[in-house]
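The values are calculated or read from the model by the stated rules, or taken from the named source; none is laboratory data. Remember, it's a predicted structure, so these values are computed and weren't measured experimentally. As a convention, Cβ positions derive from the backbone with ideal geometry for all residues, glycine included, and neighbour counts pool all protein chains shown. Accessible surface areas use protein heavy atoms only, side chains included; no ligands, DNA or RNA. Shrake-Rupley method; radii C 1.70, N 1.55, O 1.52, S 1.80 Å.
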Amino acid sequence: MAAVEHTSIAKPVQSARPNWLARDLIGVAVILAVAVLGYFLFPNNLALLTRILAIALLVLSIDLVTGFCGVATLGHAALFGAGAYAAGIAAVHWGITDPFLMIVIGAVGGAVAGLVSGAVILRGHGLAQLVLSIAVVHLFHEAANKASTYTGGSDGLAGISPDPIFGMFGFDLWGRTAYGFAVALLVIVFVLLRLLTRSPFGMLCRGIKEDPIRVRAMGASVHGTLLKMYVISGVVAGIGGALNAISTQVVGLDSLSFTLSAESLVMLVLGGTGSLYGALIGTVSFMWFEDFVSAANPFHWLTIVGALLIAVVLFAPRGLYGSAQLLLERFRGAGK
Amino acid sequence: MSAVFQVQNLKKAFGGLAVTQDVSITLNPGDRVALIGPNGAGKTTFVNLVTGHLVPDSGKVILAGNDVTSLGPTPRVRQGLVRSFQVTRLFPDMTPEEHLALAVLQRTGRSGTIFGHYQAKPDVMAEVAELLHTLGLDHIATRRVSEIAYGQQRLLEIALALALKPKVLLLDEPAAGVPQSDTPRIEAALAGLPSDLAVLMIEHDMDLVFRFAKRVIVLAAGAIIFDGSPADVTKDARVREAYLGSYANDRSAA
Ligand SMILES: Nc1ncnc2c1ncn2[C@@H]1O[C@H](COP(=O)(O)OP(=O)(O)O)[C@@H](O)[C@H]1O
Ligand SMILES: [Mg+2]
């Protein structure tokens, strides 16, 4: 192939580049500020906050395949649960209790689950794809139930006791260490995902979502790209699962459930698909609202959550973040 | 001279309708061929068949000596067989710059990289700038495709094909939907193509056909009825018959 010619055509585009860098830094700063605020506002509820962060990783992971690639799934907890069990089994049965190692093992478990479920789910399209994803999470659930020597079956896998972080910060009763660990993990994953979604691979995924036939006509492999994204998504969900295993010190079958899969998809839709911020906002609002309403009205809270969801889907179909963005754009447009 | 592209006895029927009837075409490097024919003659179907977007009932497609009949569209593109679409297929939320960058990255085996930004790759940006310039799209390089005029989308469709540096280029009505004032851009882009590239262009604009093509193939009702020089095509009785009454109305149809 001929070497690329360097022409003398002016490229004025180059100057306005670090715009997104600044925006990402602001994004990270906001996440950290909210995390610190949560720590001081709800010091007795750090366990819930930590769970929110673990689930946020799952919702981000769904966003990667659903929001960025257009693959609908109701079985993504399979990836989260695989990460949780991988980390839990490593700790309980193999004595691997270093929290960082457990996260890595969770990420690998999630990646393998992503590869397996992606290979199955991507065989179908549309409704068939959705049904396959449900089947996959049920199979994972059943497998974990049957392999009770390793997983503890329906009793759950207990006795996970992670080492102190850097040998200094033990996982205390109040959950401070777990919360700090979770915030750090989320921020790191978030930054990496921002880079990922802007990379050539991220562009290719957006292209597949918008027109797979055009992507093929460019010589790119649609199936291969989607499978790769599924594996990456598995890494993210697996980290979330491992984080949950470390912070709660147990892994239950509910981490591999259809319910969790469906709920986290709802969180994504609530926040807004196709945006990492939407995924985070959706998770935080849903879980906070669920906790708040179930405490305020233990009898009818599900009804209230249901009504809220219907309202969002009908009146803010782009989700909370997407709609806020739209409003802001209109507001700016009107201000000119 | 060895052929770069051979289509042998290609057949395709939709239900009972034979849309491609025993079509054979050979292209050599450097060929500039126009494929013409009335609407519904099966021109687009022919492109879909040879590029792997449709599966033929029988026949062979040979690209640079390799039988690619059983391959999907993706590997054929990688082997140098590139097409453009009659009805523009682009990513509505992406910019022309992003489209072309993705094509260049794909061609150079970098579309799977998960870190780094295309704007930080000078070779990509230089090539993109050149393509944008050739087709007169520089001023809308960073607008979303859904916000640019259809004529500009058509030009981007062509730029995208060129960005893949094909060995065989199939253009499906590249000038359809492009304002008359912009067709010279298409011609300039075609004139600047490497001389060893084989181009087959489907086109209704006969002025464009006569300026571009050294050879004209006429398809009617799924069969080739003429394959020869531009000078002879208008004299051919069968061609006239095929076009009689239909050609005048064709240009406005999709
Ligand atoms: N996917 C399809 N299914 C059924 N019929 C089709 C399909 N694609 C094209 N056809 C028919 O095949 C014929 C040729 O269409 P086409 O190849 O688009 O013609 P052209 O590009 O020469 O105008 C038309 O009669 C069209 O209706
Ligand atoms: Mg056509």
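What the table below lists for this structure:
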| read-out | value |
| --- | --- |
| Under Karplus coefficients 6.51, -1.76 and 1.60, residue-wise ³J(HN,Hα) of segment A:85-101 in Hz, glycine/proline x | 5, 4, 5, x, 5, 4, 6, 7, 9, 10, x, 8, 10, 5, x, 5, 4 |
| The protein assembly as shown: calculated mean residue ellipticity at 222 nm from DSSP helix runs of at least 4, using -39500 (n - 2.57) | -17500 deg cm²/dmol |
| Segment A:203-231-segment A:156-171 distance, computed between alpha-carbon centres (Å) | 41 Å |
| Gyration tensor verdict on segment A:20-257 (Cα atoms; rounded if a/c is under 1.5, prolate if a/b is larger than b/c, oblate otherwise) | oblate |
| Whichever lysines have a C-alpha closer than 17 Å to that of residue B:235, once near sequence neighbours (fewer than 8 apart) are set aside | B:214 |
| Label-point gap, in nm, between residue A:161 and residue A:326 - each point 7 angstrom along Cα→Cβ | 5.3 nm |
| Gaussian network model of chain B, springs between alpha carbon atoms under 10 Å - residue of B:97, B:130, B:241 with greatest fluctuation | B:241 |
| Part-to-part distance (alpha-carbon centres) for segment A:25-68 and segment A:81-114, which is given in Å | 21 Å |
| Carbon + sulfur, % of accessible area of the protein assembly as shown - ligands and nucleic acids excluded, 1.4 Å | 63 percent |
| Rounded Å value of the spacing that divides the Cα centres of segment A:121-148 and segment B:1-37 | 44 Å |
| Straight-distance crosslink candidates among lysines, where the alpha carbon sits under 17 Å from residue A:146 and sequence neighbours closer than 8 are dropped | none |
| Nearby lysines by direct alpha-carbon distance to residue A:209 (threshold 16 angstrom, same-chain neighbours under 8 apart not counted) | A:228 |
| Top of A:152, A:234, A:224 by mean-square fluctuation, Gaussian network on chain A, Cα under 10 Å | A:224 |
| Largest-first ordering by accessible area, 1.4 Å probe, given options A:76, A:300 | A:300, A:76 |
| Long-range amide H partners of residue B:201 with built H, under 5 Å | B:33, B:34, B:35, B:171 |
| Low-density loop positions, chymotrypsin sites (Phe, Trp or Tyr not before Pro), segment A:244-310 - DSSP coil, at most 14 other Cβ in 10 Å | A:299 |
